[in-house]
Number of protein chains: 6
Amino acid sequence: MRANKHKSSFDNRAPVLMTEGVLPSHTNALGTIFGGVVMSWIDIAGAIAAKRFARSAVVTVAIDYMHFIAPIRLGDTVLLHAAVTWAGKTSMETEVTVEAENSITGERRRSTLAYLTYVAVDNKGKPRKVPPLVPRDKQEKAKFEAAEKRRAQRLKWRSA
Amino acid sequence: MRANKHKSSFDNRAPVLMTEGVLPSHTNALGTIFGGVVMSWIDIAGAIAAKRFARSAVVTVAIDYMHFIAPIRLGDTVLLHAAVTWAGKTSMETEVTVEAENSITGERRRSTLAYLTYVAVDNKGKPRKVPPLVPRDKQEKAKFEAAEKRRAQRLKWRSA
Amino acid sequence: MRANKHKSSFDNRAPVLMTEGVLPSHTNALGTIFGGVVMSWIDIAGAIAAKRFARSAVVTVAIDYMHFIAPIRLGDTVLLHAAVTWAGKTSMETEVTVEAENSITGERRRSTLAYLTYVAVDNKGKPRKVPPLVPRDKQEKAKFEAAEKRRAQRLKWRSA
Amino acid sequence: MRANKHKSSFDNRAPVLMTEGVLPSHTNALGTIFGGVVMSWIDIAGAIAAKRFARSAVVTVAIDYMHFIAPIRLGDTVLLHAAVTWAGKTSMETEVTVEAENSITGERRRSTLAYLTYVAVDNKGKPRKVPPLVPRDKQEKAKFEAAEKRRAQRLKWRSA
Amino acid sequence: MRANKHKSSFDNRAPVLMTEGVLPSHTNALGTIFGGVVMSWIDIAGAIAAKRFARSAVVTVAIDYMHFIAPIRLGDTVLLHAAVTWAGKTSMETEVTVEAENSITGERRRSTLAYLTYVAVDNKGKPRKVPPLVPRDKQEKAKFEAAEKRRAQRLKWRSA
Amino acid sequence: MRANKHKSSFDNRAPVLMTEGVLPSHTNALGTIFGGVVMSWIDIAGAIAAKRFARSAVVTVAIDYMHFIAPIRLGDTVLLHAAVTWAGKTSMETEVTVEAENSITGERRRSTLAYLTYVAVDNKGKPRKVPPLVPRDKQEKAKFEAAEKRRAQRLKWRSA
């Protein structure tokens, strides 16, 4: 029971990589994946990315966009990639992409693209500050700006 | 094993009412409900509303808006309400609202509001036509129009 | 995270309405629903009805009757309805009915009828008083009396 | 992948012995076992006893009696014992007893007693004959007769 | 809610007997049992045997050998048998055997053989002493010695 | 429902990276992760690595070594890494390492190390050939040789 503890010097913006295999318990009556299962995996991946970035517990606040591009089938390998794209005072947006891989043929298909917002919370569930996210290149800048548009749109809809 | 079959004359726009109790197996490390569980319940409620409306199998295509207003706690009773708000050629939007009830004190809190799009599919997973949805009153008309805006916004983001 | 709290003026005898969709993870080796899944849904629905009535935590004490009339199949929509039929000093009986709906054809079949007894408990698990249940019409009176017979039968069997 | 097949000469009335450990995923908001979990374990144990007796697939038809005598707690070991008590033309009754063991102190408590009826079915779900059950001693005879009384009571209630 | 407590005089070396039925939720994409499910059942059975022996909470420390001899299929009845084979200062080895039974034909096949090591822990998760295990016959002695060899091999690999 | 199919030119020896978050539904009565959950994640990760390598369906044949070095706690992020270390005619060994990360403090602890053997199977479950695995550097050569020793040891134990 020897524990090899080490304070990792990890990049708090390192993406979350997640791999899952689709079992019958994940499927719907059509034999493809049940939407709720993909949503759960996306929420876990996004939450870990946000948690690492904020170095704090987080709760899911909103999904601004989730698009199921192609069905995922029984036996497929599912690959999720989550990264923080935007941070405000206490909330962050993460982008989660999902690919379905047939590990026998080697074929991969983009399957889902999602944007979720999380808020950092303290022990009592009160929102707490998160570090600023400074885009490091052109692509990150474009994602940051797209996130701001999604956020603005959501706030507009919410007040309606 | 006597079966009382009867072809119900149900209104295919009747809302789906769903009640759940929050068990430890539904919670996250903070003791509130795990986001993926709420998303699964929302997806089931929305899918049944769409299935009834289309009289067809359906698959989840998109979430355009999902807002977690207040946390749901261990022991809470969760009340979901799902109804179709818009229909196009082969796709439909459903609105799902979620309330958290403390069944001991009687207090209820609005917890989540979500808009999901489903597409009707045949046995081979190919999209198939759905009936038109004609708003029956002012409120339904407002929801129909709001759905069209969300859809337009999604298509714009998707092409970007 | 704005919470819209409101102390609802709900009727503590309002029925519990529950809707579920049958996924492969709910089935047995025959492709119909696994009995334990239906029993779990029935227990949740009955417990919420009892909890609301007693305004108290409750625990399951007995099942006096549960009859599976017709099988529920993969893809079916399951509709549960639970209501309190009888109350004693610390215990209550709930009636739970289950219908299976083919949401594509619109056909509904009565699937299960169950009577469960719950006891209200305090924080230490000790039984606590529940309000009296006064039948409001002829049908409720008949159900109340039938509940008393089931209870008498159970107590007789139990002492045997 | 060498398979050691052997046609066992098993007594088709040998009881089913089942042991489970109570994990947090099995509990309710009170920290004791969720009723639906016990019901599922009882249904599995009873169904296997009936399946062995009938040498046929079976489906659950009824619960005539299920009494929760003492709560089962997180960390407890649960011991189930199921045996066929009665057989008719196509249906069988099984008795399932449940004990909760604290495997650290060695204390055991009787926790649940249940009587469930199963029907043997063929590939199309049609009822099929089961062998006769001949009581082998006084105790089995008493159980057989008690089963007949429960059955008569259920049929009476069912026709009401 | 009458509890029939009785301090059982159980043999702390009595084997754990566990029976499970294979449902679709336990299968993989090939229609046989998902390996992780068998491993979970084996871990529960082994942990209860160790917990009884040590009269203490236990945690899994190692699997030294687990061999899947024959596949387990949907609908099979799974029979597990777990017993402690060796005990050291704070750790114990358990042997778990798994048989797959077709409860309709009566055929049984040896399916899995596994050796797992558990350590007894106190409330803080610190290792605590376990009673000595004295082999009672030739077979137990052989198993005890084989366990020592597996342990020696593991410690050698671990230090490498 | 536009599918972006592309035959990926993936390295069939690329490691499987898997990330999971520990929820209450994954824990045991001690508040740490239930061993069976880690085993399931390890089996999925290892099976995907083997499936990719063999370009074939695979089944789990054996666990030759699984060592739980440090406990994984509620709220931890779990990081799994799986890669094929050895291949024979129809079977492969995969090494799976598990790290537990506290995503708030950034601390990581090595938690589990496991070696599992899978066999490639065709549609009927019959073993089929896998490609040879040629070690590409010194470290891979050492792992290959260690795998051969584990295999030899297992075959020796198995024949005993």
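The values are calculated or read from the model by the stated rules, or taken from the named source; none is laboratory data. In this text, all values refer to a predicted model and were calculated from it rather than measured experimentally. In this analysis, Cβ positions are derived from the backbone assuming ideal geometry, glycine residues included, and neighbour counts consider all displayed protein chains. The accessibility values were calculated without ligands, DNA or RNA, using every heavy atom of the protein model including side chains. Shrake-Rupley method; radii C 1.70, N 1.55, O 1.52, S 1.80 Å.
With respect to the conditions (1) surrounded by fewer than 16 Cβ atoms within 10 Å (Cβ to Cβ); (2) of a type in the set (A, V, I, L, M, F, W, C); (3) within 30 Å of F:Ala120 (Cβ to Cβ), A:Ala142 falls short on a single one, namely (3).
Among the criteria (1) over 13 Å from D:Thr19 (Cα atoms); (2) buried (at least 19 other Cβ atoms within 10 Å of the Cβ), the one D:Glu107 does not fulfil is (2).
Give region A:24-44 a look and list any residue that's assigned to a helix (DSSP H, G or I) and within 7 Å of another protein chain (Cβ to nearest Cβ), or say none. Those that are assigned to a helix (DSSP H, G or I) and within 7 Å of another protein chain (Cβ to nearest Cβ): A:Pro24, A:Ser25, A:Gly35, A:Gly36, A:Met39, A:Ser40, A:Asp43, A:Ile44.
For region B:70-93, filtering for residues that are open to solvent by 20 Å² or more (accessible area, probe 1.4 Å), farther than 18 Å from B:Leu133 by Cβ and touching an Asp or Glu at 6+ places or on another chain (Cβ under 9 Å) leaves 1.
Of the candidates B:Asp64, B:Asp11, B:Asp76, the single residue that is charged (D, E, K, R), on the phi < 0 side of the Ramachandran plot and modelled with pLDDT of 95 or more is B:Asp76. Against the criterion of being touching a Pro at 6+ places or on another chain (Cβ under 7 Å), open to solvent by 10 Å² or more (accessible area, probe 1.4 Å), over 19 Å from C:Thr112 (Cβ atoms) and of a type outside the set (A, V, I, L, M), D:Thr97 does not qualify. Of all residues in region B:9-19, at least one satisfies being more than 7 Å from every other protein chain (Cβ to nearest Cβ) and touching a Gly at 6+ places or on another chain (Cβ under 9 Å). Quick one: what pairs do we get from region F:148-160, first residue more than 8 Å from chain E (Cβ to nearest Cβ), second modelled with pLDDT of 95 or more, C-beta under 8 Å, 6+ apart or different chains? As it stands, the answer is F:Glu148/F:Trp86; F:Arg151/F:Trp86; F:Arg151/F:Gly88; F:Arg151/F:Glu93; F:Arg151/F:Thr117, since those pairs meet every condition given.
Does region A:1-12 contain at least one residue that is part of a strand (DSSP E or B) and either aromatic (Phe, Trp, Tyr) or touching a Leu at 6+ places or on another chain (Cβ under 7 Å) (or both)? No, because not a single residue in region A:1-12 is part of a strand (DSSP E or B) and either aromatic (Phe, Trp, Tyr) or touching a Leu at 6+ places or on another chain (Cβ under 7 Å) (or both).
Take the conditions (1) more than 19 Å from E:Thr77 (Cβ to Cβ); (2) in contact (Cβ under 8 Å) with a residue 60 or more places away in the chain; D:Val119 misses just one of them, which is (1). Taken together, the residues in region B:28-69 that are within 23 Å of C:Ala57 (Cα to Cα) and open to solvent by less than 10 Å² (accessible area, probe 1.4 Å) amount to 1. Among the residues in region F:127-138, are any more than 30 Å from B:Thr32 (Cα to Cα), touching a Leu at 6+ places or on another chain (Cβ under 6 Å) and open to solvent by 30 Å² or more (accessible area, probe 1.4 Å)? Within region F:127-138, none of the residues are more than 30 Å from B:Thr32 (Cα to Cα), touching a Leu at 6+ places or on another chain (Cβ under 6 Å) and open to solvent by 30 Å² or more (accessible area, probe 1.4 Å). Residues that are of a type in the set (A, V, I, L, M) and in a strand (DSSP E or B) within region B:45-60 comprise B:Ala57, B:Val58, B:Val59, listed in sequence order.
Residue check: D:Ala82 meets all listed conditions (1) of a type in the set (Gly, Ala, Ser); (2) within 14 Å of the chain's Cα centre (by Cα); (3) at pLDDT below 95 but one, namely (3). Here F:Glu140 fulfils each of the conditions (1) more than 9 Å from every other protein chain (Cβ to nearest Cβ); (2) free of Cβ contacts under 8 Å to residues at least 12 places away in the same chain apart from (2). If the condition is being in contact with a Gly (Cβ under 8 Å, 6 or more places away or on another chain) and of a type in the set (Lys, Arg), then region D:68-108 contributes only D:Arg73. Residues in region B:118-160 that are acidic (Asp, Glu) and more than 22 Å from B:Val59 (Cα to Cα): B:Asp137, B:Glu140, B:Glu145. Scanning region F:14-27 for residues that are more than 21 Å from the chain's Cα centre (by Cα) and either at pLDDT below 90 or open to solvent by 30 Å² or more (accessible area, probe 1.4 Å) (or both) yields a single hit, F:Ser25. Just a yes or no: is a residue in region C:84-91 touching a helix residue (DSSP H, G or I) at 6+ places or on another chain (Cβ under 6 Å), more than 14 Å from chain B (Cβ to nearest Cβ) and either under 28 Å from B:Ala120 (Cα atoms) or in contact (Cβ under 8 Å) with a residue 60 or more places away in the chain (or both)? Yes, that holds for at least one residue. Has region A:115-130 got at least one residue that is touching a strand residue (DSSP E or B) at 6+ places or on another chain (Cβ under 9 Å) and away from every other protein chain (no Cβ under 13 Å)? Scanning region A:115-130 turns up at least one residue that is touching a strand residue (DSSP E or B) at 6+ places or on another chain (Cβ under 9 Å) and away from every other protein chain (no Cβ under 13 Å). Beta carbons closer than 6 Å, at least 6 apart along the sequence or on distinct chains, pair a first residue in region A:59-72 that is more than 7 Å from chain B (Cβ to nearest Cβ) and more than 17 Å from A:Ser40 (Cβ to Cβ) with a second that is open to solvent by 10 Å² or more (accessible area, probe 1.4 Å) and of a type in the set (Gly, Ala, Ser) for A:Ala70/F:Ala3.
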